[in-house]
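Notes for the one structure printed next.
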Amino acid sequence: MKLLFVADPLAGFKIHKDSTFAMMREAARRGHVLYACEANDLSWRRGGRVEAHVRHITLTGASGYGVKDWFKVEDETRVALAEFDAVLMRQDPPFDSEYFYATHLLGRAEAEGARVFNSPQALRDHPEKLAILEFPEFITPTLVTRNAADIRTFHDEQKDIILKPLDGMGGMGIFRVKEDGLNLGSIIETLNRDGAQTVMVQKYLPAISAGDKRVLVIGGKPVPYSLARIPQGSEIRGNLAAGGKGVAQPLTARDREIAETIGPKLAARGLLLIGLDVIGDQLTEINVTSPTCFQEITDQAGFDVAAMFVDALENALPG
């Protein structure tokens, strides 16, 4: 098969932990042909199809921390996306205007016959912070609002809260306010910007000390191990980008209940791969853009996540 990865610049990949690289490596091992482009390589012209300036790449076999020469560009060309067996949208967040426009181009390509994973429509329909609102039975007390007074009322009720922007990633812009309310006003001003920006507020979960678990769901089925991202020192965020320590561990019964409820529903909407964030027994986010943690789970638990993903991708394609 010919696979096109729409991703961030390949030269910036940290291949010792990058999940897209793990997908590429497993796909190449099976004999699939790899192509790559960036979202800014996508284009459409009247009378034509959505196409991209793509690079046909092969893997050199290099691996390890800091390696840059892990791929070789065999040739470059402009190709309609419908000519590929599958297009994998793996650009990292944020989900900004340009990402949004890219999903529309990818959606047009779908109408022309391209097979895109995750589905562009599903990417738009499931913003990573707000997607949890569909599953209130699994989430902690949560408020989504632009109203500063509502946030103060929620704090009065819950005493210990987390505030975060809807467009944050990697733990960016997350604040904790304890019962004393210290700096609550300043934090609201920073995130809410006088009512211009919507804020998510959640009850603080002490179970974060044991880790913010990433539960991967592929083709509607959970990977049997999560990666608990454990905050270090005085940090409240477990995100690996914020210095958290990743520890692979078997799914709990609650993890599996959440994954087996949500996974099939979202898979049916075109979300081949999702990442559920679970603290304790509460769902906090549903990641759909470019979920990670493949290599950490494989390295520590011995379960080949990339193989499970490519199996699901192959099964999702005709023939």
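What follows is calculated from the coordinates using simple rules that are stated; it is not laboratory data. Bear in mind that the values here come from a model prediction, so they are computed numbers and not experimental data. So basically every Cβ, Gly included, is an ideal-geometry build from the backbone, and we count neighbours across all protein chains shown.
Taking only Cα atoms, what is the 0 to 90° angle, nearest 10, from helix 305-316's long axis to the longest principal axis of the chain?
It works out to around 60 degrees.
My understanding is that a pair violates if its Cα-Cα distance is over 20 Å; which of LYS159/LYS245; LYS14/LYS68; LYS129/LYS213 do that in this structure?
Pairs exceeding 20 Å: LYS159/LYS245.
Which entry in (i) 1.11; (ii) 1.77; (iii) 1.03 is this structure's computed Cα Rg over 2.2 N^0.38 Å?
It is the value labelled (iii).
Over the chain, what is the relative contact order in whole percent, taking alpha-carbon pairs under 8 Å and six or more residues apart?
Worked out over the chain, it gives 18 percent.
Percent relative contact order of the range 141-204, based on C-alpha pairs within less than 8 angstrom and at least six residues apart?
50
What is the order of THR103, THR58, fewest Cβ neighbours within 10 Å to most?
THR58, THR103
With angles folded into 0 to 90 degrees, how steeply does helix 97-111 sit against the dominant principal axis of the chain? Use alpha carbons for both and round to 10.
Tilt of helix 97-111: around 50 degrees.
Testing the spin-label approximation: label points 7 Å from Cα along Cα→Cβ at ALA268 and LEU317. State their distance in nm.
2.6
Quick one: Karplus J couplings for the range 261-274, per residue in order, coefficients 6.51, -1.76, 1.60, θ = phi - 60°, nearest Hz, x for Gly and Pro?
Taking θ as phi minus 60°, the curve returns 7, 7, x, x, 5, 6, 4, 5, 9, x, 9, 5, 9, 9 Hz for the range 261-274.
If contacts are Cα pairs under 8 angstrom and at least 6 residues apart, what is the relative contact order of the range 2-125 in percent?
Relative contact order of the range 2-125: 28 percent.
Residue-wise, which Karplus ³J(HN,Hα) couplings in Hz belong to the range 194-206, taking 6.51 cos²θ - 1.76 cosθ + 1.60, θ = phi - 60°, and x for glycine or proline?
6, x, 7, 10, 7, 10, 9, 10, 9, 4, 5, 10, x
Please give the helix 148-158 orientation as an angle from the longest Cα principal axis of the chain, in degrees from 0 to 90, rounded to the nearest 10.
So the helix axis and the longest Cα principal axis differ by about 70 degrees.
Please check: in the Gaussian network model of the chain (C-alpha springs, under 10 Å), which one of ALA36, ALA267, ALA149 has the largest mean-square fluctuation.
Looking only at ALA36, ALA267, ALA149, the largest GNM fluctuation is found for ALA149.
If you keep only loop residues by DSSP, which trypsin sites (Lys or Arg not before Pro) in the range 139-242 have at most 16 other Cβ atoms within 10 Å of their Cβ?
ARG146, LYS159, LYS178, ARG193
What number, rounded to the nearest 500 deg cm²/dmol, is the helix-based mean residue ellipticity at 222 nm of the chain, given -39500 (n - 2.57) per DSSP H run of at least four residues and division by all its residues?
My calculation for the chain gives -8000 deg cm²/dmol from helical runs alone.
For the chain, with only Lys/Arg (+1) and Asp/Glu (-1) charged at the beta-carbon, what is the dipole magnitude about the Cα centre, in debye rounded to 20?
On the way: 36 positive and 43 negative charges, 57 e Å.
For the chain, the charge dipole is close to 280 debye.
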